[in-house]
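Worksheet: one structure, shown below.
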Ligand code: ADP
């Protein structure tokens, strides 16, 4: 979880230069938080496990997830750590430069994860990302394995994967860049299929306006095109996809349905400014003729 701090400017300052920017916006972000908000908006019962700092930003982050209908009892408030922040510069062309300061996210431990999942009887799906230490995500996936939950890993931001985490993953959902970094290959159907077999997991590679490539381990790999939409802001589209896909899995939908649901969430999110604020609800997805989860 982190707070996005977005400064808009005509051009980026050079080294040592001070410039006056044009506007500023602050919003709730972090891949896991965005994905949880998307799943909750589709009606999934969602619990978040993570850490914030003992500061105003942390309290606001928890309140935001709570107001989004997410169970926040798994969120630790850590003294001596700041809440994660992401200072972002966006220039007139829409190009961005982003720094992530993980703060309390880096302090998430396997013990915290295990103890905050202990009271939970069951979960259908556990979703992890790489904004927290991989050993903590592995602890969540081990809990998932012993409770029959499907494990979905969004390997973002791009990083090398711990072999044990990869082995515990049922569905890997990278974007194009992350796929290339993980495998050294460009995302073609053949490459996605080969790596899905090599790693023994399902694969969905998201390709922005070009949709997705899916290899599910039983059918031949396939492509699903993205909807043609009037794009305003693509920030957070990947997280909308992951949240929608995970909600579909949790509701027992077939993989093709989960992919369509994730795609609809991703595409609709690009038609509005912002991240979580751009995410659609059930009605908007259903209006596109896409099946929504039945709980
Ligand atoms: P990320 O934000 O992680 O880079 P992508 O850009 O691949 O993720 O977007 C995830 C999904 O969101 C895509 O598979 C697609 O369904 C949808 N999407 C993203 N950009 C567009 C776009 N320009 N037009 C239509 N749909 C889009």
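The values are calculated or read from the model by the stated rules, or taken from the named source; none is laboratory data. These numbers were taken from a predicted model, which means no experiment stands behind them. Because the Cβ atoms are built from the backbone with ideal geometry, glycine has one as well, and the counts that use them run over all protein chains shown.
Of everything in the range 137-150 that is assigned to a loop (DSSP other than H, G, I, E, B) and out of contact with any strand residue (DSSP E or B) (no Cβ under 8 Å at 6 or more places or on another chain), the residue that is surrounded by the most Cβ atoms within 10 Å (Cβ to Cβ) is 147. Total residues in the range 238-288 satisfying the condition of being touching a helix residue (DSSP H, G or I) at 6+ places or on another chain (Cβ under 9 Å), part of a loop (DSSP other than H, G, I, E, B) and free of Cβ contacts under 8 Å to residues at least 60 places away in the same chain: the figure is 5. Taken over the range 167-188, the criterion of being away from the ligand (no atom under 15 Å from the Cβ) and closer than 22 Å to residue 244 by Cα is satisfied by 168, 169, 170.
Quick check on this structure: which one of 237, 191, 246 is near the ligand (Cβ under 8 Å from one of its atoms), closer than 24 Å to residue 169 by Cα and crowded, with 16+ Cβ neighbours inside 10 Å? Give the steps one after another, and end with the answer.
Details: 191 fails: near the ligand (Cβ under 8 Å from one of its atoms); 246 fails: near the ligand (Cβ under 8 Å from one of its atoms).
Of the residues listed, the single one that is near the ligand (Cβ under 8 Å from one of its atoms), closer than 24 Å to residue 169 by Cα and crowded, with 16+ Cβ neighbours inside 10 Å is 237.
Exactly one residue out of 96, 105 is loosely packed, with under 15 Cβ neighbours inside 10 Å, under 20 Å from the mean Cα position of the chain (by Cα) and at negative phi, and it is 96.
Scanning the range 257-286 for residues that are more than 14 Å from the ligand (Cβ to nearest atom) and either surrounded by 24 or more Cβ atoms within 10 Å (Cβ to Cβ) or at pLDDT 95 or above (or both) returns 257, 281, 282, 283, 284, 286.
Among the residues making up the range 163-188, those that are surrounded by fewer than 19 Cβ atoms within 10 Å (Cβ to Cβ) and more than 22 Å from residue 144 (Cβ to Cβ) are 176, 177, 180, 181, 183, 184, 185, 186, 188. Where residues in the range 194-214 are more than 15 Å from the ligand (Cβ to nearest atom) and in contact (Cβ under 8 Å) with a residue 24 or more places away in the chain, which of them is nearest to residue 242 (Cα to Cα)? Top of the filtered list is 202.
Of the residues that make up the range 113-136, is at least one more than 16 Å from the chain's Cα centre (by Cα), exposed (fewer than 14 other Cβ atoms within 10 Å of the Cβ) and within 30 Å of residue 85 (Cα to Cα)? Within the range 113-136, one or more residues are more than 16 Å from the chain's Cα centre (by Cα), exposed (fewer than 14 other Cβ atoms within 10 Å of the Cβ) and within 30 Å of residue 85 (Cα to Cα).
Would you confirm, using the coordinates I've provided, whether residue 232 is over 22 Å from residue 150 (Cα atoms), in contact (Cβ under 8 Å) with a residue 12 or more places away in the chain and within 14 Å of the ligand (Cβ to nearest atom)? Give the steps one after another, and end with the answer.
Details: over 22 Å from residue 150 (Cα atoms): yes; in contact (Cβ under 8 Å) with a residue 12 or more places away in the chain: yes; within 14 Å of the ligand (Cβ to nearest atom): yes.
Judged against the criteria, residue 232 is a match.
Have a look at 233, 239 and point out the one that is under 18 Å from the mean Cα position of the chain (by Cα) and closer than 23 Å to residue 125 by Cα. Give the derivation first.
Numbers: 233 fails: closer than 23 Å to residue 125 by Cα.
Step by step, each of 233, 239 is checked, and only 239 is under 18 Å from the mean Cα position of the chain (by Cα) and closer than 23 Å to residue 125 by Cα.
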